[in-house]
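A short worksheet on the structure shown next.
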Amino acid sequence: MSVRTPDPDPTPDPLPGNGGQPGPAWLSDIELEQIRRRLPLLYVEAVPVRVDGLGQVTQVGILLRANAVGEMTRTLVSGRVMYGETLREALFRHLEKDLGPMAFPLLPASPVPFQVAEYFPMPGVTAYTDERQHAVSLAYVVPVTGTCEPRQDALELTWMTPEEAVSPTVAEEMEGGRGALVKTAMASVGCVAP
């Protein structure tokens with residue numbers, strides 16, 4: 001089961017003078033598959049939140065999507081960091097890609113994540129799994145102030161209280177162990193006990 005939003009078609013981003021070929025940051029499906037079998041890939045993940053005037057988290061945004069076999073699952077904003085891209089740029093790109101251009105995310109002042117999550121293709125190594133690859137993900141809590149219109153393969157963005165977001169019911173619906181990641185996110189901002 002694929003747990004990541006696919007990369008967009010790279011053709012809108014060609015390098016000048018290369019005849020419409022994708023830039024060097026994009027990988028073909030074949031190249032990506034070969035790399036996934038040899039190296040861990042770097043990802044960013046974001047837990048979108050709404051905050052009150054004091055900066056306290058009041059709502060957590062969880063994406064709803066249908067996976068490759070048609071099952072409804074929940075997930076977070078996530079995606080690969082491209083070659084030559086800063087963490088901030090990658091985080092902003094994936095937030096805009098998954099939540100829409102009017103989400104207006106407030107990127108953290110520091111690029112230090114609340115969690116470094118390591119995904120393995122085989123269950124039991126860590127709390128996180130991704131059957132396609134070994135991946136390392138830097139996870140952030142990101143307040144959003146605008147209107148979120150899910151794009152790509154997300155069907156909707158569900159806003160819930162921090163308590164609802166860390167409930168066993170929601171955790172069971174999350175892909176790849178991301179329920180544990182949401183709980184860690186909420187603990188990092190003081191919403192739940194660690």
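The values are calculated or read from the model by the stated rules, or taken from the named source; none is laboratory data. Nothing here was measured: the structure is a model prediction, and the numbers come from that model. So basically every Cβ, Gly included, is an ideal-geometry build from the backbone, and we count neighbours across all protein chains shown. What goes into the accessible areas is simple: the full protein's heavy atoms, side chains included, and nothing from ligands, DNA or RNA. Shrake-Rupley method; radii C 1.70, N 1.55, O 1.52, S 1.80 Å.
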Would you list TRP26, TRP159 from the most to the least accessible area, probe 1.4 Å? TRP159, TRP26
Under a 5 Å amide H to amide H cut-off, with H placed in plane at 1.01 Å, what residues pair with VAL49 once short-range neighbours are removed? GLY61, VAL142, VAL144
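Determine the order of THR147, THR58 by accessible area, beginning with the largest, at a probe radius of 1.4 Å. Walk me through the numbers before you get to the answer.
Working: THR147 85, THR58 60 Å².
Descending order: THR147, THR58.
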Please give the per residue accessible area of the range 37-187, computed with a probe of 1.4 Å over protein heavy atoms only, in Å². 47 Å²
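If DNA, RNA and ligands are ignored and the probe is 1.4 Å, what is the ranking of LYS183, LYS97 by accessible area, most exposed first? Mind showing how you got there, number by number?
Details: LYS183 100, LYS97 15 Å².
Reading off the accessible areas and sorting them downward yields LYS183, LYS97.
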Overall dimensions of the range 37-187 by Cα: Rg and Dmax, Å: 14.5, 46
Can you give the accessible area of PHE92 in Å² (nearest 10), computed on protein heavy atoms with a 1.4 Å probe? 90 Å²
Carbon and sulfur atoms: what percent of the 1.4 Å accessible area of the chain do they account for? 58 percent
Using θ = phi - 60° and the Karplus form 6.51 cos²θ - 1.76 cosθ + 1.60, what ³J(HN,Hα) does each residue of the range 149-157 get, whole Hz, x for Gly and Pro? 10, x, 10, 6, 9, 7, 8, 7, 10
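Placing unit charges on C-beta atoms (Lys and Arg positive, Asp and Glu negative, everything else neutral), compute the dipole magnitude of the range 98-194 about its Cα centre in debye, rounded to 20.
Working: 4 positive and 12 negative charges, 67 e Å.
Roughly 320 debye for the range 98-194.
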Residue-wise, which Karplus ³J(HN,Hα) couplings in Hz belong to the range 159-173, taking 6.51 cos²θ - 1.76 cosθ + 1.60, θ = phi - 60°, and x for glycine or proline? 8, 9, 5, x, 5, 5, 4, 9, 5, x, 4, 5, 4, 5, 7
Name the residues whose placed amide hydrogens come within less than 5 Å of the amide hydrogen of MET174, ignoring near sequence neighbours (fewer than 5 apart) on the same chain. ARG74, GLY179
